[in-house]
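Structure, as structure tokens:
The values are calculated or read from the model by the stated rules, or taken from the named source; none is laboratory data. Just so we're clear, the structure is a prediction, and the values are computed from it rather than from any experiment. In this analysis, Cβ positions are derived from the backbone assuming ideal geometry, glycine residues included, and neighbour counts consider all displayed protein chains. To get the accessible areas, we keep the full protein, side chains included, count just its heavy atoms, and leave off ligands, DNA and RNA. Shrake-Rupley method; radii C 1.70, N 1.55, O 1.52, S 1.80 Å.
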Amino acid sequence: MPTVTLQFDAILFDMDGTLVDSTDGVVGAWELFAEKYPGLDVTQVLSSSHGVRTVENLRLHCGITDPEELEREASRFEDAIVAESKKNGRHGIVALPGVADIMKEIGPLCKLPKPRWAICTSATSHYAAAALEAAGVPVPDVFVVSEDVEKGKPEPDPYLLGAKRCGVDPSRCLVVEDAPAGVRSGKAAGCKTLALITSHTREQIDEAQPDYVVPNLSKVTMKPVENGIEVTIHAD
């Protein structure tokens, strides 16, 4: 793929695996939950759970059906991610490559009434805010979280809501994702999609058919332009 430069009205970022790396904490949290839910196959869960809302993962993998219990366990799980990431030998929740440089350029442009970037995550507001703080990523005014939508990724709802809150047409947005479910969500919303190979294989990402693919955000530069963000995607 040659280097390409594009302009968008807004950038809609996923969070885990796109802006921040919480892998150590997620693995630890599932290992903790395997003690409470016998038969839980952590390896199998980790292969399919990324990019999906915690409540949906707990419903599928732990067999929890009661809505109130789901919410309680989701909060417990996400608290466990933060706690487990801080244990000895684990690197914590950190910003992924390229994120700091991008935020130096566009970080301040996340304020209403005309935000130029937003975050649309499958995480809850409680965990998402804690993860961003730990990684040193600013919390944008448009911050779509699990509680904001009835249907999570791969349905288009999170990215449709993100574009709406930014006051822009979804077709003028770039969705930045690391999970096939998130890529499908962005495509279904009518956005252009940029996929990162940070949490899945290239083959898994290609199956979702993103518009552009790079290893991580170190291969991408973003800068403000009049009425939007200019994005340059650098080929290897």
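Could you tell me whether any residue of the range 127-139 is in contact with a Gly (Cβ under 6 Å, 6 or more places away or on another chain), crowded, with 20+ Cβ neighbours inside 10 Å, among the hydroxyl-bearing types (Ser, Thr, Tyr) and over 13 Å from Ile11 (Cα atoms)? No, the conditions are met nowhere in the range 127-139.
Scanning the range 104-121 for residues that are without any contact (Cβ under 8 Å) to a residue 40 or more places away in the chain and surrounded by fewer than 19 Cβ atoms within 10 Å (Cβ to Cβ) yields a count of 5. Working carefully through the options Gly51, Gly63, find the one that is farther than 26 Å from Leu19 by Cα, open to solvent by less than 60 Å² (accessible area, probe 1.4 Å) and not aliphatic (A, V, I, L, M). Exactly one of Gly51, Gly63 is farther than 26 Å from Leu19 by Cα, open to solvent by less than 60 Å² (accessible area, probe 1.4 Å) and not aliphatic (A, V, I, L, M), namely Gly63. Considering the conditions (1) under 23 Å from Ser122 (Cβ atoms); (2) within 18 Å of the chain's Cα centre (by Cα); (3) assigned to a helix (DSSP H, G or I), Ser218 is excluded by exactly one of them, (1). Residues in the range 149-163 that are under 15 Å from Thr124 (Cα atoms), open to solvent by 60 Å² or more (accessible area, probe 1.4 Å) and touching a helix residue (DSSP H, G or I) at 6+ places or on another chain (Cβ under 6 Å): Lys151 only. Taken over the range 5-57, residues that are outside any helix (DSSP H, G or I) and under 27 Å from Val142 (Cα atoms) amount to 23. For Ala208, the test of being out of contact with any Leu (no Cβ under 8 Å at 6 or more places or on another chain) and surrounded by 13 or more Cβ atoms within 10 Å (Cβ to Cβ) is passed.
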